[in-house]
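S.K.: The structure's right below; bear with me while I get my questions together.
Only the coordinates and a few stated rules stand behind these numbers; no lab work does. The structure displayed is predicted, hence computed values, not measured ones. Because the Cβ atoms are built from the backbone with ideal geometry, glycine has one as well, and the counts that use them run over all protein chains shown.
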Amino acid sequence: MTDRERDIRDIASLTGKEVVRLNFIRDSDHYYFRKHNRQGMRSHIFEVLALRDLLKETEGEIIDGIRRYPRAVPRYMLRILRARFTSLEQIMSEIKKYTLVLKFLGPELIAISSEFIVDYTGTGKNEIVLCGFQEYIHGAILDPWGLSAKDPLDTFFQSRFPGGKVDKKRIVTSLESIAAFVRRMRKMITESGYVTDLAGNGNLIITATGAVKLVDINNIVKVSRDDTIPLDDKGYPSCDKSIEVLFILEEKILKSRNLLTDPLYSHFLSAGRRKRAGSLERQFFENLPEWG
Ligand SMILES: Nc1ncnc2c1ncn2[C@@H]1O[C@H](COP(=O)(O)OP(=O)(O)O)[C@@H](O)[C@H]1O
Ligand SMILES: [Mg+2]
């Protein structure tokens, strides 16, 4: 009998070497799995690197007579979800939620993923696990909580993509992209009653050309229409905090006016509700697990 491993959905961190040993991953001579330097709470995230890119990174390549060591850019990201599913219906409904977001946001605003279900046998039992091969988004994290007050996009590009002068075209592109993002996410909230988690660290990325992309596609929560503040599966008030992120994007970046009279924001961002959401958020951070 082979050694039983600890359930990968409970382990804080997996290495690339451990990934290729998983029963549902086929080792390949062409690809290499490297643990991504950023991880979330819901998934293990791996860069899928082409071996020849990795070789250039470690041994270098000579360009114009100079040896350079270009960092290998992932061909894809592999995501292994920690979520436990007890039935196929449950897992299918999770995949359906992803297709819903794709339908509303469109492929321009989301890191496209091919979701797949595997039969994980490492613990000695048959377990269904959801994985995804996802488009890698090369860019910088848009942190809505840390935007500067005056010219947030100018400051963002100067600090995240230093060198060169202010690129007006890129700023216009990102303004349009963020406006489309907010518009489409709001349409999704109204028409489907769901919102994706926009509050988590690294969930939104802006590329060098200025396009915004949602990369965290697996935390989709129901929007509450009443006074209750819904918590997601980890106990975080994702719905309220994500709507706050939309508000911040509109207020600080898009400079929309009269936002507090907007029914969506007046409901979710009333002083009393915000206070309650804030205290639920604090409780969440106090109870974080070791890998949070
Ligand atoms: N496709 C991707 N391209 C680039 N970065 C990604 C991609 N997917 C995830 N990341 C980064 O990995 C980290 C964790 O990903 P995330 O999707 O938020 O995981 P979780 O679902 O566990 O919260 C984030 O910082 C995110 O920016
Ligand atoms: Mg996340």
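S.K.: Starting from a Cα-only point model with no solvent, please compute log10 I(q)/I(0) by Debye for the stretch 139-281 at q = 0.09, 0.10, 0.14 1/Å.
M.R.: Scattering profile of the stretch 139-281, log10 relative to I(0): -0.28, -0.34, -0.66.
S.K.: Averaged across orientations, what area in nm² does the convex hull of the alpha carbons in the stretch 53-118 project?
M.R.: Convex hull of Cα atoms, orientation-averaged projection: 6.9 nm².
S.K.: Where does the chain land on Rg/Rh, using Cα atoms and the Kirkwood Rh?
M.R.: 0.99
S.K.: In nm², what is the average projected area of the convex hull enclosing the Cα atoms of the stretch 36-86?
M.R.: Mean projected area of the Cα convex hull: 4.4 nm².
S.K.: Using the Kyte-Doolittle scale, which helices in the chain average at least 0.0 and also have C-alpha atoms spread 24 Å or more along the helix axis, with helices defined as whole DSSP H runs?
M.R.: Helices meeting the criterion: 88-105.
S.K.: Straight distance only, please: which aspartates and glutamates reach the Cα of LYS96 with their own Cα at less than 18 Å, same-chain residues fewer than 8 apart left out?
M.R.: The qualifying aspartates and glutamates are GLU115, GLU191, ASP197, ASP216, ASP232, ASP233.
S.K.: Also: Calculate the tail of P(r) for the stretch 197-292: the fraction of all Cα-Cα distances greater than 21 Å, expressed in %.
M.R.: Summing the P(r) of the stretch 197-292 above 21 Å gives 38 percent of all pairs.
S.K.: Now a separate question. May I ask you to sort TYR69, TYR236 by Cβ crowding, counting other Cβ atoms within 10 Å and putting the fewest first?
M.R.: Ordered by Cβ neighbours within 10 Å, fewest first: TYR69, TYR236.
S.K.: Turning to a different aspect of this structure: Taking the alpha-carbon distance from LYS252 and a cut-off under 30 Å, which lysines remain once sequence neighbours fewer than 8 residues away in the same chain are dropped?
M.R.: Of all the lysines, those that pass the test against LYS252 - Cα under 30 Å, at least 8 places apart if same chain - are LYS97, LYS103, LYS150, LYS165, LYS168, LYS169, LYS187, LYS213, LYS222, LYS234, LYS241, LYS275.
S.K.: May I pose another question? For the chain, what does the helix formula give at 222 nm: sum of -39500 (n - 2.57) over DSSP H segments with n ≥ 4, over the residue count, nearest 500 deg cm²/dmol?
M.R.: -10500 deg cm²/dmol
S.K.: Another question, if that's okay. Scaled to the compact-protein estimate 2.2 N^0.38 Å, what is the alpha-carbon radius of gyration of the stretch 16-134, rounded to two decimal places?
M.R.: 1.27
S.K.: Largest first and to the nearest Å, give the Cα extent of the stretch 73-177 along each principal axis.
M.R.: 57, 28, 26
S.K.: Using only the alpha-carbon atoms of the stretch 1-47, report the extent along each of the three principal axes, biggest first, to the nearest angstrom.
M.R.: 34, 29, 13
S.K.: So what's the gap between the Cα centers of the stretch 92-168 and the stretch 208-239, to the nearest angstrom?
M.R.: 13
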